[in-house]
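In what follows, a single structure is set out as structure tokens and then discussed.
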Amino acid sequence: MINLLWALVAVAGVPLVLGGYIFAVEAAMKRSGSRARGGLRPWLWLAPAFVLLAVFLIYPTVSTAALSFLNANSAKPVSFANYTYIFTDSNMLIVLRNNLVWLVLFTFVTVILGLLIAVLTDRVRYERAVKALIFLPMAISFVAAGVIWKFMYQYQPAGAAQVGTVNAIFSSIFPRFTPQAWLFNKSQNNGALIIVGIWMWVGFAMVILSAGLKGISTSLIEAARIDGAREGRIFFSIILPLMRSTIIVVATTLIITVLKIFDVVYVMTNGNLDTDVIANRMYKEMFNYQNFGRASAFAVILLLAIIPVMVLNIRRFGRGGS
Amino acid sequence: MNRLAALSRRLAGRGLLHLVLIVISLLWLMPTVGLFVSSLRPASLISSSGWWKAFTTPFRFTLENYGHVIGQANMGRSFANSLLIAIPATVMPILIAAFGAYAFAWMRFRGRNALFLIVVGLLVVPLQVTLIPVLRLFNVLGLTGSFPAIWIAHTAYGLPFAIYLLRNFIGELPGEMMESAGLDGATHAQVFFRLVIPTSVPALASLAIFQFMWVWNDLLVALIYLGGTPRVAPMTVTISNMVNSYGGGWEFLTAAAFLSMLLPLIVFFALQQYFVKGILAGSVKG
């Protein structure tokens, strides 16, 4: 019953209220004098957006920055203590290290694989089918992907039948392979998580890079072929330099994604066994430890890391890099 | 002779190309197929043999896992909750952003460019930065754990990107069209709803798909502002709770995860062009 009410509000109420607001604004404009009409109108059209942006983005950003200089319950100023803790405590350094490992491996492998698949599919007739398959994981949530890959990484002790796909594949290819607890071994678990991220995002890199590839004139490549250039040479001397700006757009987008990575870690390991990342640690500081000072400091670090990358990205994007 | 060698090398190259592509495709598809197949197997088999064994006789498939998660594991209600969250959280930001985009594109006022720059600048704000103050605000207002809280939050988070995209699209609409509508005596509201909205359908559709999928797949925002109460939990929250409490209950986890993927997969296959455009356009969103 309650749900039915919510459904009604959700589907009919929200658009009606918003549409009604604009008609009310126009009606009020008509009644008031023509002098007020011109000046006030744009502000009223923009008002809903600006109220929301001010209350839910601008004010919280300023507030979080302030909170990051206060103690756990925001009662006492602590200067830079939260930041020095994050950059000196050994557990926190592992969190930062993990984000860095994610950043390098995830970005690098995703771009390379995306580029490889874009170049290869360009030469076959079933291009669209392959691309659809690779892009498919972009449609599902990190939570579902986490379940999928936890299932893939299942581990039974050596000798038992391996139910996890990854261990089963390695066991059948290499008879002397010892099954691994991928999410528990500290030397492997970060890699195992990063693979999940790569599996989800290669499709994104592939689609953008493929569009960039199709923008390169075929006559240029044909000419090089006629001159006897090998495919490898063509790739490195012609295709790669021409795709530089597209690759930068893809890489910056991936970096922004990876800096904020949360769900996959939360679902698969919850940051245990040295797999924690900034966003998950921030969540823990908030809800498990109630330390709002440290949580805010983590958020600010995230913001400061993202700003330069995003500026680069938007500038490329605006210049038609998409 | 030389020609024959070149030809055979070319054929070998083609063969390798197909092989690599087929292997990559299978690798990419396998995890999802494994999940789907497992969700249809009885519990005793899931824990004792790999999912690929399901295709050897005797075949034993069941829908019981789905029955259980929908009925007892709260997934039925969570599915409804996900819809109740995602639909308004898609409609609200797009409509509000369209109002703003129209004002930015077709009205003249002081500070227009500076304000637009501020909106674009807000793209850099990761939503993590907003969590603590906004949660405190919702607590004061008594909104934490309610649908309107998460609608408003998703709306605000979606606005900078939506305004940016729509302002660019609406700004490109032909000026003569807008002017002649104005000369005919149409009000701004009429121009907006009868002219701007219908002609912007391609941009609106891509944006809508992106925002819908983003909200549907979101875990963090729901976790923070809804606080994990089962009554309002969307599927992502329910599944992540299941992962923590069930441990090895793979028959239910696989079914629940596939259930949560159903709608995105349908959207993906039915609206692939819009979907890809939406994801690509939206990838810079904070």
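Pairs linking a residue in segment A:296-313 that is under 16 Å from B:Leu123 (Cβ atoms) to a residue that is among the polar types (S, T, N, Q), with Cβ atoms under 7 Å and 6 or more positions apart or on different chains, are A:Leu302/B:Gln128; A:Val309/A:Thr252; A:Leu312/A:Thr252; A:Asn313/A:Thr252; A:Asn313/A:Thr253. Scanning segment A:157-166 for residues that are more than 28 Å from the chain's Cα centre (by Cα) and crowded, with 18+ Cβ neighbours inside 10 Å yields a total of 2.
Residues of segment B:147-200 that are surrounded by fewer than 19 Cβ atoms within 10 Å (Cβ to Cβ), of a type in the set (Ser, Thr, Tyr), more than 11 Å from chain A (Cβ to nearest Cβ) and not in a helix (DSSP H, G or I): none at all. Just so you know, in segment B:196-238 the residues that are among the small types (Gly, Ala, Ser) and free of Cβ contacts under 8 Å to residues at least 60 places away in the same chain include one that is farthest from B:Ala97 (Cα to Cα), and it is B:Gly228. Once segment B:124-145 is narrowed to residues that are in contact with a Gly (Cβ under 8 Å, 6 or more places away or on another chain) and in a loop (DSSP other than H, G, I, E, B), the residue that is farthest from A:Ala65 (Cα to Cα) is B:Gly145.
Suppose we keep only residues that are touching a strand residue (DSSP E or B) at 6+ places or on another chain (Cβ under 9 Å) and without any contact (Cβ under 8 Å) to a residue 24 or more places away in the chain within segment A:64-79. Which one would you say is surrounded by the fewest Cβ atoms within 10 Å (Cβ to Cβ)? Here the residue is A:Lys76.
Residues in segment A:283-296 that are closer than 17 Å to B:Gly228 by Cβ and not aromatic (Phe, Trp, Tyr) were compared, and the one that is surrounded by the most Cβ atoms within 10 Å (Cβ to Cβ) is A:Met286.
Among the candidates A:Ala132, A:Ala139, A:Ala181, A:Ala118, which residue alone is under 14 Å from A:Val207 (Cβ atoms), more than 10 Å from chain B (Cβ to nearest Cβ) and within 29 Å of the chain's Cα centre (by Cα)? Quick ask: steps written out before the conclusion?
Numbers: A:Ala132 fails: more than 10 Å from chain B (Cβ to nearest Cβ); A:Ala139 fails: more than 10 Å from chain B (Cβ to nearest Cβ); A:Ala181 fails: under 14 Å from A:Val207 (Cβ atoms).
The conditions single out A:Ala118.
A:Leu273 passes every criterion in (1) assigned to a helix (DSSP H, G or I); (2) closer than 21 Å to A:Phe142 by Cβ apart from (1).
Which pairs have Cβ atoms under 8 Å, sit 6 or more apart or on different chains, and link a residue in segment A:122-136 that is assigned by TED's automatic domain parsing to the domain that holds A:Ile216 and modelled with pLDDT of 90 or more to one that is part of a loop (DSSP other than H, G, I, E, B) and not small (Gly, Ala, Ser)? Every condition considered, the pairs that remain are A:Val130/A:Val124. Take the conditions (1) closer than 30 Å to A:Leu209 by Cα; (2) surrounded by 17 or more Cβ atoms within 10 Å (Cβ to Cβ); A:Phe108 misses just one of them, which is (2). Tallying residues that are of a type outside the set (Val, Ile, Thr) and either at positive phi or modelled with pLDDT under 85 (or both) within segment B:26-51 yields 7. Return yes or no: is A:Ile216 more than 14 Å from chain B (Cβ to nearest Cβ), touching a Leu at 6+ places or on another chain (Cβ under 6 Å) and either in a loop (DSSP other than H, G, I, E, B) or not basic (Lys, Arg) (or both)? Considered against the rule, which asks whether it is more than 14 Å from chain B (Cβ to nearest Cβ), touching a Leu at 6+ places or on another chain (Cβ under 6 Å) and either in a loop (DSSP other than H, G, I, E, B) or not basic (Lys, Arg) (or both), A:Ile216 comes out as yes.
Within segment B:79-119, the set of residues being surrounded by 21 or more Cβ atoms within 10 Å (Cβ to Cβ), more than 9 Å from chain A (Cβ to nearest Cβ) and of a type outside the set (A, V, I, L, M, F, W, C) comprises B:Ser82, B:Thr90.
Selection within segment B:22-57: residues that are over 24 Å from A:Ala139 (Cβ atoms) and of a type in the set (S, T, N, Q). The member of this set that is farthest from the other protein chains (Cβ to nearest Cβ) is B:Thr57.
Here are some residues: A:Phe56, A:Phe170, A:Phe80. Which one is over 26 Å from B:Gly50 (Cα atoms) and either more than 8 Å from every other protein chain (Cβ to nearest Cβ) or in contact with a Pro (Cβ under 7 Å, 6 or more places away or on another chain) (or both)?
Details: A:Phe56 fails: either more than 8 Å from every other protein chain (Cβ to nearest Cβ) or in contact with a Pro (Cβ under 7 Å, 6 or more places away or on another chain) (or both); A:Phe170 fails: over 26 Å from B:Gly50 (Cα atoms).
Unique residue meeting the criteria: A:Phe80.
The residues on offer are A:Ala223, A:Ala229, and the sole one that is over 30 Å from A:Asp274 (Cα atoms), in a loop (DSSP other than H, G, I, E, B) and among the small types (Gly, Ala, Ser) is A:Ala229.
Within segment B:195-204, identify whether any single residue is over 29 Å from A:Val264 (Cα atoms) and touching a Ser or Thr at 6+ places or on another chain (Cβ under 8 Å), and answer yes or no. No; the residues of segment B:195-204 include none that is over 29 Å from A:Val264 (Cα atoms) and touching a Ser or Thr at 6+ places or on another chain (Cβ under 8 Å). Taking the condition of being modelled with pLDDT under 85 and surrounded by fewer than 12 Cβ atoms within 10 Å (Cβ to Cβ), how many residues in segment A:1-26 meet it? Qualifying residue count for the region: 6.
The values are calculated or read from the model by the stated rules, or taken from the named source; none is laboratory data. All figures in this text were calculated on a predicted structure; none of them were measured in a lab. Here Cβ is always computed from backbone atoms with ideal geometry, including for glycine, and neighbour counts include all displayed protein chains.
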